[in-house]
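The values are calculated or read from the model by the stated rules, or taken from the named source; none is laboratory data. On a predicted model such as this, the values are computed, not experimentally measured, just so you know. Here the Cβ positions follow ideal geometry from the backbone for every residue, glycine too, while neighbour counts run over all protein chains shown.
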Amino acid sequence: MSATDGMDLAGAVPQDDLEALRRLIQGITLAQGNIFIKELLRQKKIPLGATKAEFEKHMLAAIDNGTLQRADLEAWLDDVEGWGDQHIYLYNIPRAITSDALWRDPEHVHNRVVQANLGDVWEAPTSLRFPEEPELTCITFADSVLRLVWHEGSPGWVPEPGRNYEEIIDGDRYQFRAFRERARRVVTRFEMRLNVRLAALFIPVRINTPEHKAAIELVEATVSRLLPFDVIRKKQIVITEVIKNLDQANYAPAPNRRPDVVTQSTRLTSGGAYVEFTSSSEDHGYAESPSIRQVRRTIRQQHLPEFSGSNGVLKFHRTDTNQLSREVKVQLYGTDRRIRIWRRLTASDVWNILSIIARHQ
């Protein structure tokens, strides 16, 4: 089966492609939050249901009758698949790259991609595959955004209580609990946004594993075929600065105003020692305690250069100014300059958060 074959679900569709699309739907319902699935169903006027099993049933029926077509899924997946619940490395884009005439014409970018022997995935349709290893499935350049996408199958197991059973063997009672294998996908991305001079590498693989390191090396090697990644790497945003600056900006929210970002915990280090401020609640920032807030105020703006932020846990609230669709916890790791978003979001939500982080570097 080709992942780049065209598809018109309202007409004759190859059975193999339909099966691949059904498998993709099953992966979507396993991986995505209910809030995003419901939004797709509402858009297409498909019955919602109350559980993931019902969502899946209605989506599969909509594929079979042509109500839900591949183009609908492509647009939706572009916004929700593989965004949030991941590790992120954020970079400033130097002017030497943004001023390059290459980026003024998508056709020039296309030619560069072809010269790099990557032309087979240029503007490729959404892949229906679940490859065993990370596979580059698409490169696009539009609206000053360069995006490279890798997909990888990630099998999982879901319980099937209806198939559980007991059996007596040699006089002993045994219980057999059934689980059904169910495929899902993980997505690795590199995205460069020239209009805001930011780039980000999105890795879904667990930290401190050989697979995580391999994913970073794969992305860097591929991107280097199109532009100088070594130059970008030197411009990686210094998260130790972001931690202390975000904390300084948000530890004392203005009266009667819900802040965009609340610090749940932060560790500031200096001279081989550290001071840490932490909330004992998952729902509140440490600065909501008047006495702790007063202690924090002793570190004034002019003292900040003496500190570096080694770790920070922040709660990004949904407000009129940040345009987030939902509340999310974000963890910042100063030593390895890493960002961890702990919830699935849309693409626009993730980039809103990254923009806030970049403003505090």
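Some points to look at:
- Taking the conditions (1) modelled with pLDDT of 85 or more; (2) part of a loop (DSSP other than H, G, I, E, B); (3) over 29 Å from Val205 (Cα atoms) in turn, Asp320 satisfies each one other than (1).
- Near pairs, Cβ below 6 angstrom, 6+ apart or cross-chain, from region 293-311 (among the polar types (S, T, N, Q)) to any residue that is surrounded by 12 or more Cβ atoms within 10 Å (Cβ to Cβ): Ser308/Thr240; Ser308/Thr269; Ser310/Arg267; Ser310/Thr269; Ser310/Gly334; Asn311/Arg267
- Here Arg225, Arg189, Arg180 are screened, and the one residue that is assigned to a strand (DSSP E or B) and either farther than 21 Å from Asp336 by Cβ or in contact with a Ser or Thr (Cβ under 7 Å, 6 or more places away or on another chain) (or both) is Arg180.
- In region 123-151, residue nearest to Gly82 (Cα to Cα) [restricted to those that are aromatic (Phe, Trp, Tyr) and surrounded by 20 or more Cβ atoms within 10 Å (Cβ to Cβ)]: Trp150
- Taken over region 323-353, the criterion of being at pLDDT 90 or above and small (Gly, Ala, Ser) is satisfied by Gly334, Ala347, Ser348.
- Scope region 316-342; condition among the charged types (D, E, K, R) and farther than 19 Å from Glu191 by Cβ; matching residues: Arg318, Asp320, Arg326, Glu327, Lys329, Asp336
- Residue pairs meeting the criteria (Cβ under 8 Å; at least 6 apart or on separate chains; first closer than 18 Å to Ile216 by Cβ and modelled with pLDDT of 95 or more, in region 85-110; second among the hydroxyl-bearing types (Ser, Thr, Tyr) and crowded, with 16+ Cβ neighbours inside 10 Å): none
- If you go through region 159-190 and keep only what is outside the structural domain of Tyr89 (by TED's automatic domain parsing) and among the aromatic types (Phe, Trp, Tyr), you end up with Tyr165, Tyr174, Phe176, Phe179.
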